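*Asks:* Got a structure for you, written out below as C-alpha cells; questions coming shortly.
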Amino acid sequence: MKLFGLLATVALFLSGAGVAAATDLYPWRNNAAPFNFLFGNHIDTHQQTRQTNDRSLFGFFYIQFTGVVTKDLYRLATHVDCTATTSDCTVGWKLNGKPIRAKFLYQVDDDHPVFLVTRADIPQPGAFSHFHWLESMPTVGAVADGYLLQLTAVDKFCFIHHGAESATSTRTCRGNGGVNVDPGTDIATHLNIVTSAPPGM
C-alpha cells in the first residue's frame with residue numbers, strides 16, 4: 001500500500017511538472033537552425049519551424065502572456081515580435097504544416113485574411129485550419145503558395161490577436177474579445193479557410 005501511495009505521489013508530481021513546463025518546449029532563438037524555415041513575412045516574428053524531407057513543417061508558434069488573468073481564470077496572451085529585446089515569448093502551440101496553394105478572397109478589419117482552398121488539399125487525418133502565404137501578401141483574387149497549418153495548444157490561455165492591451169481581469173476571455181484555448185487541437189484562434197465561395201470571388 002505504501003508503494004502504491006509513493007507511485008501515485010510521483011505520478012502526480014510528474015503530471016504537475018509537465019503542465020508547469022508545457023510552455024518551455026523550445027525557447028525563442030530567432031529562427032536559428034534547425035528551426036530556421038522562414039515564410040518571408042510577419043509570421044516569422046513569432047514562429048520557429050523546420051522543413052522536413054517531404055516539405056512539411058514542424059515547429060512552434062509563440063505567444064507572450066500580458067499578466068492579466070480573465071474573470072474566468074484564463075491567462076491573457078497575444079502574439080508579439082519575439083525578435084524584440086523586450087519580448088518574453090513562450091510556446092503557445094505546436095505547429096504542423098503542409099504545402100498547398102490557396103486563393104486570397106478577402107479580409108475584414110484586423111481579422112485573418114480568408115483563403116479559398118480545395119477540400120481535397122486539406123490533409124487527413126488532422127485539423128488543418130490556417131493558411132499562411134509565403135513572401136508578400138497576395139492581392140485579392142490571386143493564388144498564393146503557402147502552408148496549411150495545424151495548431152496544437154500546449155497550455156491554457158485566453159488568446160487575443162489584436163487589442164490585448166485593453167483587456168481587463170473584470171471580464172471573461174470572451175468578454176475581452178478573446179478565444180479560450182485549452183491544451184489540445186485548436187482550430188478557432190487562427191481559422192481562415194473556406195472551401196467554396198460565391199461566384200465572382
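*Asks:* Any idea how many residues of the stretch 175-187 are in a loop (DSSP other than H, G, I, E, B) and either touching a residue at least 24 places away in the same chain (Cβ under 8 Å) or surrounded by 16 or more Cβ atoms within 10 Å (Cβ to Cβ) (or both)?
*Replies:* Residues of the stretch 175-187 that are in a loop (DSSP other than H, G, I, E, B), as a first pass: 177-178, 182-183, 187.
Next cut, either touching a residue at least 24 places away in the same chain (Cβ under 8 Å) or surrounded by 16 or more Cβ atoms within 10 Å (Cβ to Cβ) (or both) only: 178, 182-183, 187.
Counting residues in the stretch 175-187 that are in a loop (DSSP other than H, G, I, E, B) and either touching a residue at least 24 places away in the same chain (Cβ under 8 Å) or surrounded by 16 or more Cβ atoms within 10 Å (Cβ to Cβ) (or both) gives 4.
*Asks:* In this structure, is residue 159 closer than 23 Å to residue 91 by Cβ, modelled with pLDDT of 95 or more and within 20 Å of the chain's Cα centre (by Cα)?
*Replies:* Details: closer than 23 Å to residue 91 by Cβ: yes; modelled with pLDDT of 95 or more: yes; within 20 Å of the chain's Cα centre (by Cα): yes.
The answer is yes for residue 159.
*Asks:* Next question. Name the residues in the stretch 79-113 that are in a strand (DSSP E or B) and farther than 19 Å from residue 38 by Cα, would you?
*Replies:* Initial filter on the stretch 79-113 (in a strand (DSSP E or B)): 90-106.
Across the stretch 79-113, the qualifying residues are 103, 104, 105, 106.
*Asks:* Something else: Taking only the stretch 40-49 into account, find how many residues are in contact with a strand residue (DSSP E or B) (Cβ under 6 Å, 6 or more places away or on another chain) and assigned to a loop (DSSP other than H, G, I, E, B). If you could, list the steps in order and put the result at the bottom.
*Replies:* First, pick out the residues of the stretch 40-49 that are in contact with a strand residue (DSSP E or B) (Cβ under 6 Å, 6 or more places away or on another chain): 43, 46-49.
Adding the requirement that they be assigned to a loop (DSSP other than H, G, I, E, B) leaves 46.
Qualifying residue count for the region: 1.
*Asks:* Could you pull out the residue among 81, 121 that is at negative phi, modelled with pLDDT of 95 or more and touching a Ser or Thr at 6+ places or on another chain (Cβ under 6 Å)? Give the steps one after another, and end with the answer.
*Replies:* Details: 121 fails: touching a Ser or Thr at 6+ places or on another chain (Cβ under 6 Å).
After applying the criteria, what remains is 81.
*Asks:* Looking only at the stretch 81-124, which residues are β-branched (Val, Ile, Thr) and under 20 Å from residue 137 (Cβ atoms)?
*Replies:* Within the stretch 81-124, the first condition is being β-branched (Val, Ile, Thr), and the residues that meet it are 83, 85-86, 90-91, 100, 108, 114, 117-118, 122.
Answer for the stretch 81-124, where residues must be β-branched (Val, Ile, Thr) and under 20 Å from residue 137 (Cβ atoms): 83, 100, 108, 114, 117.
*Asks:* Another question, then. For residue 172, which of the numbered conditions (1) among the hydroxyl-bearing types (Ser, Thr, Tyr); (2) surrounded by 14 or more Cβ atoms within 10 Å (Cβ to Cβ); (3) under 25 Å from residue 97 (Cβ atoms) fails to hold?
*Replies:* Failed condition: (3).
*Asks:* Exactly one condition in (1) touching a Leu at 6+ places or on another chain (Cβ under 9 Å); (2) among the aliphatic types (A, V, I, L, M); (3) assigned to a strand (DSSP E or B) is not met by residue 148; state its number.
*Replies:* (1)
Here is a yes/no grid of residues against (1) in contact with a strand residue (DSSP E or B) (Cβ under 6 Å, 6 or more places away or on another chain); (2) modelled with pLDDT under 95; (3) on the phi < 0 side of the Ramachandran plot:
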{"position": "8", "(1), (2), (3)": "no, yes, yes"}
{"position": "15", "(1), (2), (3)": "no, yes, yes"}
{"position": "22", "(1), (2), (3)": "no, yes, yes"}
{"position": "32", "(1), (2), (3)": "no, no, yes"}
{"position": "51", "(1), (2), (3)": "yes, no, yes"}
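*Asks:* Additional query: Pairs only if they're at least six apart or on different chains, beta carbon under 9 angstrom, first in the stretch 127-145 and without any contact (Cβ under 8 Å) to a residue 60 or more places away in the chain, second charged (D, E, K, R) and part of a loop (DSSP other than H, G, I, E, B); list them, first residue then second.
*Replies:* Pairs that qualify, where the first residue is without any contact (Cβ under 8 Å) to a residue 60 or more places away in the chain and the partner is charged (D, E, K, R) and part of a loop (DSSP other than H, G, I, E, B), are 144/135; 145/135.
*Asks:* Looking for something surrounded by 14 or more Cβ atoms within 10 Å (Cβ to Cβ) and of a type in the set (Lys, Arg) - is there at least one such residue anywhere in the stretch 52-68?
*Replies:* Quick first cut of the stretch 52-68, residues surrounded by 14 or more Cβ atoms within 10 Å (Cβ to Cβ) only: 56-66, 68.
Restricting the remaining residues to those that are of a type in the set (Lys, Arg) gives none.
Taking every residue of the stretch 52-68 in turn, none turns out to be surrounded by 14 or more Cβ atoms within 10 Å (Cβ to Cβ) and of a type in the set (Lys, Arg).
*Asks:* Go through 132, 190 for me and flag whichever is part of a loop (DSSP other than H, G, I, E, B), under 14 Å from the mean Cα position of the chain (by Cα) and not polar (S, T, N, Q). Outline the logic, then answer.
*Replies:* On the way: 132 fails: part of a loop (DSSP other than H, G, I, E, B).
Matching residue, one of 132, 190: 190.
The values are calculated or read from the model by the stated rules, or taken from the named source; none is laboratory data. The shown structure was predicted, so the numbers you read here are calculated from the model rather than taken from an experiment. Because the Cβ atoms are built from the backbone with ideal geometry, glycine has one as well, and the counts that use them run over all protein chains shown.
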